[in-house]
Amino acid sequence: MASSEAEKKSDLGVPGRVIFLDGRGELPMLEVSTAWSTAEIYLHGAHVTHFTRKNEPPLLFLSQCSRFEQGQPIRGGIPVVFPWFGPREGLGQHGFARVKTWELKEFAPAPDGSVSLRFRLPDCPEASAFGPFNADYIVTVSDSLKLELVVTNKSRTDEFVFENCLHTYFEIGDICTVSISGLKGATYLDKVANFVEKTETNEAIHINSEVDRIYLNTQGAIEISDGRLGRKIRVEKQSSLSTVIWNPWIAKAQQMPDFGNEEYERMVCVESGNVGSNQIRLPPGETSRLTVKLTSGPAQ
Ligand code: TA6
């Protein structure tokens, strides 16, 4: 396994460290260590597959059956969904960003002990169907995990219309002991009921069947309370109007070749982005900055 290493000591004398490795499927991967946490990020999709705080179970779920192959998305972690969400005729699901090899532009172990890495989506034939744009993804590893998808419209004349979503898979102890709060009163499209529009009436959402919902016009923080692991996860976001909640449950899990039959019990997706009627219409020369911060700690 090839590896090289970059390290910088923080003011606290604690090293923030980045190691370059061949990951699974021999795909290039970065292993990041800080005083508080470790993370793994593949250049394939700029995909964060692991983030673990010291003395806590992993924050992100990663399927045992995931593919690690060129052209195939990784199942779990944080797929970067861009420039469209869901299916698009003749073009496949959830955009091309998650299956491209992103360029690592810079990484910086900061004096406070955190480590930031900036990736750029390379030019590719699929992107030429859109006007000129840049897409950067900045991952900051510290006590928390911060993610920023920064898209700039390089056109002088035309809007850039796109969807984005950080399709985050969280590791949970048991789906039956999990509740998700922060969405009461929001309108959602219920994908398992043919996209019927509904209103969330529950203070906390409990999942006991397939759930696939696009909540619109939601800007507040979401909390995932996990009774089995005794953990609370908080998802804070900026420049994101949509929240997607997904658990495939039993039948759908069995249909997915890259997902274990029982793995639906240990994951839930709480996704932050701008999709459907919340899609972004970016004026010429402007930049959009989708930002998500994930924190976790013991449930009180
Ligand atoms: O975000 C939820 C969703 O759009 C579901 O409909 C679902 O099937 C899924 O994402 C996973 O999509 P994928 O293309 O990764 O299999």
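The values are calculated or read from the model by the stated rules, or taken from the named source; none is laboratory data. If you're wondering where the values come from, they're calculated on a predicted model, not measured in any experiment. Because the Cβ atoms are built from the backbone with ideal geometry, glycine has one as well, and the counts that use them run over all protein chains shown. Calculation scope for accessible area: heavy atoms of the full protein, side chains included, ligands and nucleic acids excluded. Shrake-Rupley method; radii C 1.70, N 1.55, O 1.52, S 1.80 Å.
If you count Lys pairs in region 122-221 whose Cα atoms are under 30 Å apart, skipping same-chain pairs closer than 8 places in sequence, the total is 4.
Helices in the chain, meaning DSSP H runs of at least 4 residues, each add -39500 (n - 2.57). Divided by all residues, the mean residue ellipticity at 222 nm is -500 deg cm²/dmol. Each principal axis of the Cα cloud of the chain was evaluated for its coordinate range; sorted largest first, these ranges are 52, 50, 34 Å.
Taking 0.36 nm per residue of sequence separation and subtracting the Cα-Cα distance, how much length would be gained by fully extending the chain between residue 91 and residue 103, in nm to one decimal?
So the chain would gain 2.0 nm between residue 91 and residue 103.
When the GluC sites (Glu not before Pro) in region 148-230 are filtered for DSSP coil states and for at most 15 other beta-carbon atoms within 10 Å of their beta-carbon, the remaining sites are 159, 203. Available extension along the chain between residue 128 and residue 24 is 34.4 nm, counting 0.36 nm per residue and deducting the alpha carbon span. Our estimate of slack between residue 70 and residue 251, defined as 0.36 nm per intervening residue step minus the Cα-Cα distance, is 62.4 nm.
Using a probe of 1.4 Å on the protein chains alone, the accessible area found for residue 88 is around 100 Å².
Find the Cα radius of gyration of region 51-106, compare it with 2.2 N^0.38 Å by division, and give the number to two decimals.
Normalised by 2.2 N^0.38 Å, the Cα Rg of region 51-106 equals 1.35.
In percent, rounded to a whole number, the relative contact order of the chain is 17, using alpha-carbon pairs under 8 Å and six or more apart. In this structure residue 176 has an accessible area near 90 Å², from a 1.4 Å probe over the protein heavy atoms.
Take residue 195: with every protein chain present and a 1.4 Å probe, its accessible area is about 110 Å².
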